[in-house]
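To start, the structure itself, in structure tokens.
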Amino acid sequence: MEKPKGRILWIDDEIELLRPHLILLKQKGFEVDTATSGEDGLELVRSNIYDLIFLDEMMLGMSGLDTLVSIKEINPYLPVVMVTKNEAETLMEEAIGRKIDDYLTKPVNPTQILAICKRFLESDRISQEKLIQNFLTDTTNIRVRLNDSLEWEDWVEIYTKLVNWSLELDKYPSAGLDDSLRDIFREANTVFSNYIEKNYKDIINTEKSDGRPILSPEIVENYVIPNLNSKTNLFFFVIDCLRLDQWLVMEEILQQFYKIRKEFYMSILPTATPYARNSIFSGLFPIDIQKHYPQYWVGELNTEDHKQNAFEKELLIEQLKRKKINLTTPLTYIKIHETEFGKKVESEIHKYAKNHLTAIVVNSVDMIAHSRSDFAILKEIAPNESAYRSLTRSWFSHSSLLGMLQVLSNYPNVKIILTTDHGSIRCMRGVKVLGDRETSTSLRYKFGKNVKCEPRYAMQISDLTELKLPKISITVNNIIAKEDYYFVYPTDYHYYLQRYKDSFQHGGISMEEMIVPVVILEPKMA
């Protein structure tokens, strides 16, 4: 016997007049129970499990509205559709206030009833079937495109489409497409890594007018400076280690406050804070920072993390000087690295709304990524990428960053440029690497003397200056990980292989790390 599409209870004191509708529902595969009073209906609700209730508004004895209240007390999640002859607006408002889910006006027709049943009882199935069909079509098309000669704009389109599918599948965990999506991401990243390995040197040495992507050193020139004018007070937010999917869950919350325009740029290699973020603030590639501002360049080896970006304000000031930009008020630079300080900045953000340019670095997302590797409870809370997005949403919903952006949305002369220095990738495959003790410690790139691993897993670099990076020492080889690989030394290999498996890392070559958003926010009230 075929399983019913859903179990319905129809409560109406004139139920016999509805017999044709009840027969139709049964013919369509629904199981239907009936009651002729609110009291009898409540007894059935207490003793049975229903998926949907049709409820008459005007009945002898207990009214429809009173019955509705009692039904919701028994099961607040049970959808109730009120059927009424009364079209008075006040009645509808009262019914909505008592948490009615929908209503129909008598006389009802079969089409209306079936539409309600499909919406409440079959919408998930119908939506999921359509979702699966569209997903298979899109991923097939992407696989075909991966065989073509792809340029930067093609990769942005492919990546954004895959990220949008990630968010869409979050709504349908039972669709069973997660493994398929992971496979197509991996296939795309393999081809993307080859594209970067083949073209990166040309990209960073090509003029912008030739259609190449905007790069990290060009963010201020292309987005900040054009928006610096006498009528605008500009905020420049840089959120460390923010992926596109994380931004999109934030964007969903912000769209009620801002008009949002989103573009993309390519993070330079290595996709790591000491290189990419210093390049953003300086407007220079790392090799040129070291050459022109040696006092502000801190080499990575044997250097504490927090010192590698200690001169962002100074680098930004120097960039504005080179571009001959004169601010009407002194540059304000703020780095938020812990919660209490973030709350303090949030409480004072209205003061900064009068500044010509305020730059704010937020480290929270990067801290979430690293904490997930260090604390088992966070990995349990966010065991996969869907849950990682959910964790991002939870953080942002209660963050000082959201508080700041909400306050700033009330200032019509404020504009916000929001971006990141790089994204991150969930690393699932460890690779054995050889190198001496002077080699950099990152899991996604190794710079040092004669670093080695199998070429399949990493981009091989004999001369760092070809990537516009400072030489660390006399080297034979340097490597940057591709796809979702991470480097592990032979010493205690299995321990570190397991420790860092399924961790979010950055520094390497992947769509998630290199294709990153830059967003322009303008208050809706402007």
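The values are calculated or read from the model by the stated rules, or taken from the named source; none is laboratory data. Because the structure is predicted, anything quoted here is derived from the model rather than measured. Note that each Cβ is placed from the backbone with ideal geometry, even for glycine, and that neighbours are counted across all protein chains shown.
Things to note:
- Taking every residue in region 501-525 that is under 17 Å from A369 (Cα atoms) and pairing it with any residue that is surrounded by fewer than 21 Cβ atoms within 10 Å (Cβ to Cβ) and at pLDDT below 95, at least 6 positions away or on another chain, the pairs with Cβ-Cβ distances below 7 Å are S503/S373; G507/S442.
- Close contacts from region 427-450, counting a first residue that is under 15 Å from P490 (Cβ atoms) and a second that is assigned to a loop (DSSP other than H, G, I, E, B) and of a type in the set (F, W, Y), with Cβ to Cβ under 8 Å and a gap of 6+ residues or different chains, come to K432/Y489; V433/Y489; L434/Y489; G435/Y489; T439/F447.
- Positions within region 161-174 being surrounded by fewer than 18 Cβ atoms within 10 Å (Cβ to Cβ) and either in contact (Cβ under 8 Å) with a residue 40 or more places away in the chain or more than 18 Å from P213 (Cβ to Cβ) (or both), in sequence order: N164, L167, E168, D170, K171, Y172, P173, S174
Yes/no matrix, rows are residues, columns are (1) in contact with a strand residue (DSSP E or B) (Cβ under 8 Å, 6 or more places away or on another chain); (2) farther than 18 Å from L248 by Cβ:
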{"site": "V361", "(1), (2)": "yes, yes"}
{"site": "A382", "(1), (2)": "no, no"}
{"site": "L402", "(1), (2)": "no, no"}
{"site": "I416", "(1), (2)": "yes, no"}
{"site": "G423", "(1), (2)": "yes, no"}
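- Each residue in region 147-160 was checked for being crowded, with 16+ Cβ neighbours inside 10 Å and within 24 Å of the chain's Cα centre (by Cα), and 6 of them qualify.
- Every condition in (1) modelled with pLDDT of 95 or more; (2) under 26 Å from V407 (Cβ atoms) holds for T232 except the one numbered (1).
- If you filter region 245-277 down to residues that are β-branched (V, I, T) and in a helix (DSSP H, G or I), you find that the one that is surrounded by the most Cβ atoms within 10 Å (Cβ to Cβ) is T273.
- Of all residues in region 63-107, those being modelled with pLDDT of 90 or more, assigned to a loop (DSSP other than H, G, I, E, B) and among the hydrophobic types (A, V, I, L, M, F, W, C) number 1.
- Subset tally (residues that are surrounded by 22 or more Cβ atoms within 10 Å (Cβ to Cβ) and either within 17 Å of Q505 (Cβ to Cβ) or outside the structural domain of P274 (by TED's automatic domain parsing) (or both)) for region 389-431: 8
- Restricting region 9-50 to residues that are assigned to a loop (DSSP other than H, G, I, E, B) and without any contact (Cβ under 8 Å) to a residue 60 or more places away in the chain, the residue that is surrounded by the most Cβ atoms within 10 Å (Cβ to Cβ): Y50
- Of the residues making up region 346-362, not one is modelled with pLDDT under 95 and buried (at least 20 other Cβ atoms within 10 Å of the Cβ).
- Some residue of region 451-466 being of a type in the set (F, W, Y), under 21 Å from A369 (Cβ atoms) and surrounded by 13 or more Cβ atoms within 10 Å (Cβ to Cβ): no
- Pairing each residue of region 364-382 that is without any contact (Cβ under 8 Å) to a residue 40 or more places away in the chain with any residue that is in a loop (DSSP other than H, G, I, E, B), provided the two are 6+ apart or on different chains, yields no C-beta distance under 7 Å.
- Test: I53 is of a type outside the set (S, T, N, Q), surrounded by 15 or more Cβ atoms within 10 Å (Cβ to Cβ) and within 40 Å of the chain's Cα centre (by Cα): yes
- When the residues of region 278-295 are filtered to those that are assigned to a helix (DSSP H, G or I) and of a type in the set (A, V, I, L, M, F, W, C), the one that is surrounded by the most Cβ atoms within 10 Å (Cβ to Cβ) is I280.
- Any chance K201 is surrounded by fewer than 17 Cβ atoms within 10 Å (Cβ to Cβ), of a type in the set (K, R) and farther than 21 Å from L150 by Cβ: no
- Only one entry in Y333, Y388, Y411 is under 25 Å from E218 (Cα atoms) and of a type outside the set (D, E), namely Y333.
- The condition of being β-branched (V, I, T), closer than 30 Å to L177 by Cβ, in the same structural domain as D33 (by TED's automatic domain parsing) and modelled with pLDDT of 90 or more holds for only one of I53, I132, I49, I116, that being I49.
- Taken over region 2-22, the criterion of being of a type in the set (A, V, I, L, M, F, W, C) and under 21 Å from N48 (Cα atoms) is satisfied by I8, L9, W10, I11, I15, L22.
- Pair list, Cβ under 6 Å, 6 or more apart: region 229-240 residue outside the structural domain of F281 (by TED's automatic domain parsing), other residue of a type in the set (A, V, I, L, M, F, W, C) and not in a strand (DSSP E or B): none
- The residues on offer are L434, L443, L467, and the sole one that is more than 31 Å from the chain's Cα centre (by Cα) and not assigned by TED's automatic domain parsing to the domain that holds V220 is L434.
- Which listed residue is surrounded by fewer than 22 Cβ atoms within 10 Å (Cβ to Cβ), within 26 Å of Q246 (Cβ to Cβ) and hydroxyl-bearing (S, T, Y), from T441, T491: T441
- Enumeration of residues in region 466-514 that are of a type in the set (S, T, Y) and within 19 Å of M266 (Cα to Cα): S510
- Criterion (under 24 Å from P294 (Cα atoms) and modelled with pLDDT of 95 or more) met by exactly one of K343, K324: K324
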